[in-house]
Amino acid sequence: MNKPAIDVLGIGNAIVDILSHEDDAFLAARDIPKGAMTLIDEETAAQLYSEMGAAVEISGGSAANTIAGIASFGGNAAYTGKVRDDQLGEVFAHDIRAAGVQFNTPPATTGPSTARCHVLITPDGERTMNTFLGACVNLTSADLDEKAIADAQVTYLEGYLWDKEDAKHAFRTAAKMARAANRKVSLTLSDLFCVERHRTDFLDLVRGNVDILFANEAEIMALYEVSDFNSALAAVREDCEFAALTRSEKGCVVVNGAEVFHVPALPVEKVVDATGAGDMFAAGFLFGLTNGRDVENCARLGVLAASEIISHVGARPETPFAELAHKHGLA
């Protein structure tokens, strides 16, 4: 049987990351809480953008990061996410395609502008994020490419999408399309607060539609409302084929039926920026899984990607993951 044309299709919030180095005085003058992630409106976003210094603009959002990571491993990856037909929408589309990802979602022609996250990096390495969600939350079922979903081994869904009714419907529709094509569905829980907002719906989705679940330790415990990791582990093994759970410096645990795999974290000289670590762990794991690797190898690829991404600023690898995998004997 021929291998599907796409390894993983990601569906998520399409956000342009705008990274700029600023000093503490810049934050103080605008009453921006250092180190926080603050949601802002479109007017505030435009004003802040006009006042920032030289910046780097890249395609971002949790699922987009994961899909770009899969492409960096050499995988066939595609992405669905909503942008506006504006300058930053063009930046998102160009950047993610340049990373080797198929991106064909039609841009919105009306409504809010393209989502962006203004990432202010101070001299101490702290990242302060101001996010305007804009067009990305207006994804609907009409934006889904049923053929692409059918052509993908795995459809990977970002938990943040669950915050809007239209996006939630798109989420469920994509899962049904993948199921109808006899493909696998993967979900990342995205964020502890996201789990707490949508616990009942997430549990229902996991138990009926998700084959591969990604979460960190706090998220999986919150999903099952338990106070210890082992209880969460026992619960999730009953609900999906694979559960890949990250535990920061403790590495990860992957459950596959009766089997449990523990893979330690790789040492890094210095943790510079933990943003995107979970996204890249998912990238490594999904690349391995869709390219015939055993479960432990998948987990090791995930740990490798996460260790690379936390060693520098930004959620894109400085060294291609395919090169790193070869160097570490995981190619």
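The strands (runs of 3 or more DSSP E) found wholly in the stretch 77-190 and carrying at least 1 residues that are buried (at least 19 other Cβ atoms within 10 Å of the Cβ) and more than 18 Å from the chain's Cα centre (by Cα) occupy 115-121, 127-132. What do you reckon, is residue 276 surrounded by 17 or more Cβ atoms within 10 Å (Cβ to Cβ) and at pLDDT below 90? So residue 276 fits the description; yes.
From the list 51, 90, the lone residue that is within 19 Å of residue 20 (Cα to Cα) and among the acidic types (Asp, Glu) is 51. Residues that are in contact (Cβ under 8 Å) with a residue 60 or more places away in the chain, among the aliphatic types (A, V, I, L, M) and closer than 23 Å to residue 285 by Cα within the stretch 161-213 comprise 161, 174, 212, listed in sequence order.
For the stretch 291-302, the set of residues classified as in contact (Cβ under 8 Å) with a residue 40 or more places away in the chain and buried (at least 24 other Cβ atoms within 10 Å of the Cβ) consists of 298, 299, 301, 302, listed by residue number.
The residue list 322, 265, 283 contains one member that is touching a Ser or Thr at 6+ places or on another chain (Cβ under 8 Å), surrounded by fewer than 21 Cβ atoms within 10 Å (Cβ to Cβ) and modelled with pLDDT of 95 or more, which is 322.
For residue 137, the criteria (1) modelled with pLDDT under 95; (2) closer than 30 Å to residue 28 by Cβ hold in every case but one, which is (2). All of 226, 236, 253, 263 fail the test of being in contact with a Lys or Arg (Cβ under 6 Å, 6 or more places away or on another chain) and among the β-branched types (Val, Ile, Thr), apart from 263.
Residues of the stretch 30-76 that are small (Gly, Ala, Ser), under 23 Å from residue 107 (Cβ atoms) and buried (at least 22 other Cβ atoms within 10 Å of the Cβ): 45, 59, 60, 61, 62, 63, 64, 68, 71.
For residues in the stretch 258-275 being in contact with a strand residue (DSSP E or B) (Cβ under 9 Å, 6 or more places away or on another chain) and in a loop (DSSP other than H, G, I, E, B), which is farthest from residue 128 (Cα to Cα)?
Here the answer is 264.
Taken as a whole, the structure leaves residue 256 outside the set of residues that are farther than 30 Å from residue 124 by Cβ, at pLDDT below 90 and not hydrophobic (A, V, I, L, M, F, W, C). Anything in the stretch 286-316 that is of a type outside the set (A, V, I, L, M, F, W, C) and at pLDDT 90 or above? List them, or say none. Selection gives 288, 290, 291, 292, 293, 294, 296, 297, 300, 302, 307, 308. Test residue 306 against the stated conditions and say whether it is touching a residue at least 40 places away in the same chain (Cβ under 8 Å), touching a Gly at 6+ places or on another chain (Cβ under 8 Å) and crowded, with 19+ Cβ neighbours inside 10 Å. The answer is yes for residue 306.
Selection of the stretch 47-66 for residues being outside any helix (DSSP H, G or I) and either at pLDDT 95 or above or over 9 Å from the mean Cα position of the chain (by Cα) (or both) yields 52, 53, 54, 55, 56, 57, 58, 59.
The values are calculated or read from the model by the stated rules, or taken from the named source; none is laboratory data. Note that the structure is predicted; figures quoted are calculated from it, not measured. All Cβ positions, glycine included, derive from the backbone under ideal geometry; neighbour counts span all protein chains shown.
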